[in-house]
Every structure is written in C-alpha cells, then in structure tokens.
Ligand SMILES: Nc1ncnc2c1ncn2[C@@H]1O[C@H](COP(=O)(O)OP(=O)(O)OP(=O)(O)O)[C@@H](O)[C@H]1O
Ligand code: SF4
Ligand SMILES: [Mg+2]
C-alpha cells in the first residue's frame, strides 16, 4: 500500500494527545494544586471499517480518550484529525456534521436513558436536535431503527423500565445509529450486562458493522470481551498505550508484560480464578495518575523491571522480530518461555500524590 493509500485508510488520527484535569483548592481563589494525567501522550490511528479495541484497568484513561476523540473534551495538547481535518479547528457547522458522523454508546444502558421519556422519543432525539425529520416521518424512521436493532417497533410508546438490560442497550444502539454515523465509540457497551446477553449485543454490533460499513472504537476492561470483535487492540496503562497490535498477534504473543498479565486473567473462565491469576503478575494497585511513576509507568508492578525502566521511558515502537504494525512500549519485551509469575524483584516507587479534592474539565 502506498503512503497516500495508507493515509486514505485512516478515519481518525490521534497524535500526541494529552488530557489533564486540573485539581483546584481554595474557597475564593481556586488555585491549581495538581493535575490528573488521564491521557498522557497517546498516538493511535483508527482505520476505516475496522474495530479498534481499547483495553486496560479502571482509571487508565479509556473514557477520557474516547471523549477527546468524539470532541466532547478539548485536548490539553496534541491533535485529533477526522478524515484528515483537525477537529479543534472545526467551524460550528463542521462540528455539527462531525457530531452526526461520530456517535457514542455508553456502558450503563439504563443510566443513559431518561426513565420518564418514551423510547420512541428517546431514539428520535438526534432527529430533533439536528432538525431532520418530524411527525409521522420521524416516527417511521424511529420504528425502522427499532427493527434494525431487533426491538419490536410496536413498543415505541413504552418507557425504558419496561425493557430488559440487553434491550435497553439496543435502544442506545438505535439512538446512536439514527444519523447514519461513520464512527461509533462504544464505551464498555456490554460491561453492565449479563454474560448471556453480552454475546447478543456484540453480535448485533458486528452485524450492523457489516451491513452499514461502520468503524468502531470498542472499549473494555478486559481482553476477553474485545477478543471477538477487534481487528486491532490497544492496551492502555495509566494514560499511555503500552501495546498496539493486530488482535491475533496480541493474543498469541503479547510483548508487553502488562498485556501478558491481562491476557492470563482473561483466558481463565472462572472470574475468581482469573482475579487470582491477575494478582500473581500485577502486584499492587495502579499508581496515582496525579504523580505517575518515572520511566516506564508500569515498573512498580512489572515482574521484568530493571533499573533502566525506572530511569527511561520506553517508546511505543516495533520490537525485534515483531510485525511492522505491532508496537510495544517496553525495554525488555516478553519472550516465549518467560515466567512472569515469579516474585517481583522489588523495584518500586510509592506515589506521594495528594488525594483528589476537586477536579474540573
Ligand atoms: N472530569 C474529570 N475530572 C477529574 N478527573 C477525571 C475526570 N474524568 C476522569 N478523571 C480521572 O482521569 C483518570 C482516567 O479516567 P477514565 O474515566 O478516562 O478511565 P477509564 O479507563 O475509562 O476507567 P473505567 O474503566 O473505570 O471507566 C482517572 O484517574 C479519573 O479519576
Ligand atoms: S519497560 Fe521495564 S518495567 Fe516497563 S514493562 Fe518493560 S520490563 Fe516492565
Ligand atoms: Mg471508562
């Protein structure tokens, strides 16, 4: 593929994106006392028609990154391009068109639906906001959407409480599809659902992707959920991308010790067992994003950590022997036969960050 063709292939480009949340103290004159480093220098490309999975523990910055990509949060530094254009430079009308093209589906299918409004009117919201159709035309379009996502169109006048969890997530999907988007950012769309329902919603999203040519960014806590939907996967740790690879490559030979830890937990069916397995490798809690560890942020928990890891931040690059699109931010990538379950040698750095008193966007 030529460089130009490769560029055409990219729908969204995230370049050096940083998002900090200031922490302010003081009653009258609020003074910035610290910053939450929620996203701290992320480079990613989302290709047309693909599903890019983003995984990582709670608080690693997945949702913040998603909100930056969809234009809901301004970035602190770096830039995001959509179809080759920098989204921060968008005029009002261009931003309106962008908001039609890029939609989000959220984790909590109930919390994101107003319980006092009828489902038909909720799904029709995007038409109302963008002044697209009204009256009988809007109702017809909403009912078509309900049918598309596997809901009974005759349930148009029901309230969200009259639907099951899986059906409520279908309502969220229908609303996201109303304006014929190109990109849907799914922020943990199945995490709140029973395991039996998760597969149904994932299958629905996959079918819709095939039918409508959608591009997805699919966020999840663990690798088992993104396994069957993602073409490529980015593993995030404390605001940074630790590893980025084609899904099969990541599952077969994870190169970052953190990916290997997540994978070892994800491959065990019993959740209690999985949690124990994860703890073998992931010693200690995630450090504070207010004062991230020096060098490689994973070093206080990494079984392969050496002195270099404390001093020098590893770049996200192709490591020896890996495919050209397999990037790993690690000085000492995992090799076949490495035993990551051995006790950690004890390189650690306690975070001295203050508690979070108050934060603003
Ligand atoms: N509006 C905000 N103000 C201050 N801090 C925030 C804000 N939103 C997120 N954060 C902080 O930024 C960090 C990243 O949060 P984010 O919600 O992006 O993580 P996440 O990976 O989506 O986590 P989860 O898996 O729990 O959804 C966390 O430390 C969080 O507390
Ligand atoms: S750079 Fe060092 S601490 Fe970081 S993941 Fe690699 S081996 Fe572990
Ligand atoms: Mg989140």
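The values are calculated or read from the model by the stated rules, or taken from the named source; none is laboratory data. Because the structure is predicted, anything quoted here is derived from the model rather than measured. Cβ sites come from the backbone with ideal geometry, for glycine too, and all protein chains shown count toward neighbours.
With a cut-off of at least 1 residues that are touching a strand residue (DSSP E or B) at 6+ places or on another chain (Cβ under 7 Å) and surrounded by 18 or more Cβ atoms within 10 Å (Cβ to Cβ), name the helices (runs of 4 or more DSSP H) lying wholly within the range 109-211. First the steps, then the outcome.
Values: elements: 119-123, 125-129, 135-148, 165-177.
In the range 109-211, 165-177 are the helices (runs of 4 or more DSSP H) which contain 1 or more residues that are touching a strand residue (DSSP E or B) at 6+ places or on another chain (Cβ under 7 Å) and surrounded by 18 or more Cβ atoms within 10 Å (Cβ to Cβ).
Somewhere in the range 210-223, is a residue more than 16 Å from ligand 2 (Cβ to nearest atom), over 17 Å from the mean Cα position of the chain (by Cα) and without any contact (Cβ under 8 Å) to a residue 12 or more places away in the chain?
Within the range 210-223, the subset more than 16 Å from ligand 2 (Cβ to nearest atom) is 210-223.
Next cut, over 17 Å from the mean Cα position of the chain (by Cα) only: 210-213.
When the remaining residues are screened for being without any contact (Cβ under 8 Å) to a residue 12 or more places away in the chain, the result is 210-211.
Yes, there is a match, as at least one residue in the range 210-223 is more than 16 Å from ligand 2 (Cβ to nearest atom), over 17 Å from the mean Cα position of the chain (by Cα) and without any contact (Cβ under 8 Å) to a residue 12 or more places away in the chain.
Pick out the one residue from 34, 77, 6 that is more than 25 Å from residue 172 (Cβ to Cβ) and modelled with pLDDT of 95 or more.
Numbers: 34 fails: modelled with pLDDT of 95 or more; 6 fails: modelled with pLDDT of 95 or more.
The unique qualifying residue is 77.
Take the conditions more than 13 Å from ligand 3 (Cβ to nearest atom), surrounded by fewer than 22 Cβ atoms within 10 Å (Cβ to Cβ) and within 26 Å of residue 229 (Cβ to Cβ) and apply them to residue 57. Does it pass? Break it down stepwise before answering.
Numbers: more than 13 Å from ligand 3 (Cβ to nearest atom): no; surrounded by fewer than 22 Cβ atoms within 10 Å (Cβ to Cβ): yes; within 26 Å of residue 229 (Cβ to Cβ): yes.
No, not satisfied.
Right, residue 75: within 16 Å of ligand 1 (Cβ to nearest atom), crowded, with 21+ Cβ neighbours inside 10 Å and farther than 24 Å from residue 210 by Cβ or not?
Numbers: within 16 Å of ligand 1 (Cβ to nearest atom): yes; crowded, with 21+ Cβ neighbours inside 10 Å: yes; farther than 24 Å from residue 210 by Cβ: yes.
Yes: the conditions hold for residue 75.
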Those residues of the range 305-326 which are crowded, with 22+ Cβ neighbours inside 10 Å and either assigned to a loop (DSSP other than H, G, I, E, B) or out of contact with any helix residue (DSSP H, G or I) (no Cβ under 8 Å at 6 or more places or on another chain) (or both), in sequence order: 305, 314
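Taking the range 268-303 as the search range and keeping residues that are assigned to a helix (DSSP H, G or I) and within 14 Å of ligand 2 (Cβ to nearest atom), which one is modelled with the lowest pLDDT? Break it down into steps so the answer makes sense when it comes.
Step one: of the range 268-303, the residues assigned to a helix (DSSP H, G or I) are 271-281, 299-301.
Now drop any that are not within 14 Å of ligand 2 (Cβ to nearest atom), which leaves 281, 299-301.
Numbers: 281: 64, 299: 94, 300: 92, 301: 91.
Per the criteria, the residue is 281.
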Residues of the range 20-51 that turn out to be within 16 Å of ligand 3 (Cβ to nearest atom) and more than 19 Å from residue 315 (Cα to Cα), as a count: 2
Options 96, 45, 62, 24: the member that is touching a residue at least 12 places away in the same chain (Cβ under 8 Å), touching a strand residue (DSSP E or B) at 6+ places or on another chain (Cβ under 8 Å) and surrounded by fewer than 16 Cβ atoms within 10 Å (Cβ to Cβ): 24
Restricting the range 202-228 to residues that are in contact with a helix residue (DSSP H, G or I) (Cβ under 8 Å, 6 or more places away or on another chain) and at pLDDT below 90, the residue that is farthest from residue 13 (Cα to Cα): 224
